[in-house]
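I have placed the structure first, in the form of structure tokens, so that the comments after it can refer back to it.
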Amino acid sequence: MSVAIVKYNAGNIYSVLHALKRLGVEPLFTDDAEALRRADKVLFPGQGEAGHVMKYLHTHGLDTLIRSLTQPVLGICIGQQLLCRHSDEGNVDCLGLFDVPVHRFIPTEQAQKVPHIGWNDIQPSDSKLFSGIAGGEYVYYVHSYYVPLCPWTIARTDYIHSFSAALQKDNFYATQFHPEKSGSVGERILRNFLAL
């Protein structure tokens with residue numbers, strides 16, 4: 001099985017690469033269109049600012065390429081947000097694969113810190129991405145922006161209010177949390193994705 005990670009100007013790529021290697025997968029880290037089209041699975045992870053990242057994707061033709069992929073694709077963190085319609089971060093149009101906006105957390109009390117950093121529980125649906133994972137398992141987050149609950153939500157988390165911890169539509173999957181930093185639960189999610 002060939003696995004590719006989309007190479008673009010975002011941080012946190014190497015933690016995903018190392019997580020896959022721990023699972024016995026040697027991923028290709030590339031921005032080459034043909035290599036990404038040929039891969040059996042594609043991961044679209046990262047951390048960064050939505051406006052800058054979308055500009056990079058557009059300049060390098062990766063926006064059109066990602067939309068055209070037909071194999072299983074997993075967006076992680078900003079990867080999830082960029083798969084949505086529009087982000088408040090940079091007031092930028094994104095890839096539009098999920099027709100839902102991305103908003104910034106607005107604290108309603110002093111104890112609520114933004115960004116949302118650390119471990120929080122998820123309530124997953126019966127999606128294959130969460131096979132073998134019960135509600136209440138903990139995963140690791142680092143984010144200031146979130147995707148509201150929507151028709152494509154396959155897991156939710158509560159912080160300030162409920163939001164989409166994960167999305168799925170057709171061959172596109174996405175998690176707001178970092179499976180590569182989420183211990184055995186995250187490892188199971190990555191294994192489930194690779195088995196799709």
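The values are calculated or read from the model by the stated rules, or taken from the named source; none is laboratory data. This one's a predicted model, so the numbers in the text were calculated from it and none came from an experiment. All Cβ positions, even for glycine, are placed from backbone atoms using ideal geometry, and neighbour counts span all protein chains on display. Just the protein is used for accessible areas: all its heavy atoms, side chains included, with ligands, DNA and RNA removed. Shrake-Rupley method; radii C 1.70, N 1.55, O 1.52, S 1.80 Å.
Brief remarks on what is shown
- When TRP119 is tested against the conditions (1) part of a strand (DSSP E or B); (2) surrounded by 19 or more Cβ atoms within 10 Å (Cβ to Cβ), the lone failure is (2).
- Scanning the range 164-181 for residues that are under 14 Å from PRO124 (Cβ atoms) and either aliphatic (A, V, I, L, M) or open to solvent by less than 40 Å² (accessible area, probe 1.4 Å) (or both) yields a total of 10.
- Selection from the range 137-152 of residues that are touching a residue at least 24 places away in the same chain (Cβ under 8 Å) and either in a strand (DSSP E or B) or among the aliphatic types (A, V, I, L, M) (or both): TYR138, VAL139, TYR140, TYR141, VAL142, HIS143, TYR145, TYR146, VAL147
- Unique residue being open to solvent by less than 10 Å² (accessible area, probe 1.4 Å) and of a type in the set (Gly, Ala, Ser) when the list is SER87, SER144, SER184: SER87
- Each residue in the range 153-196 was checked for being assigned to a strand (DSSP E or B), among the small types (Gly, Ala, Ser) and out of contact with any Ser or Thr (no Cβ under 8 Å at 6 or more places or on another chain), and 2 of them qualify.
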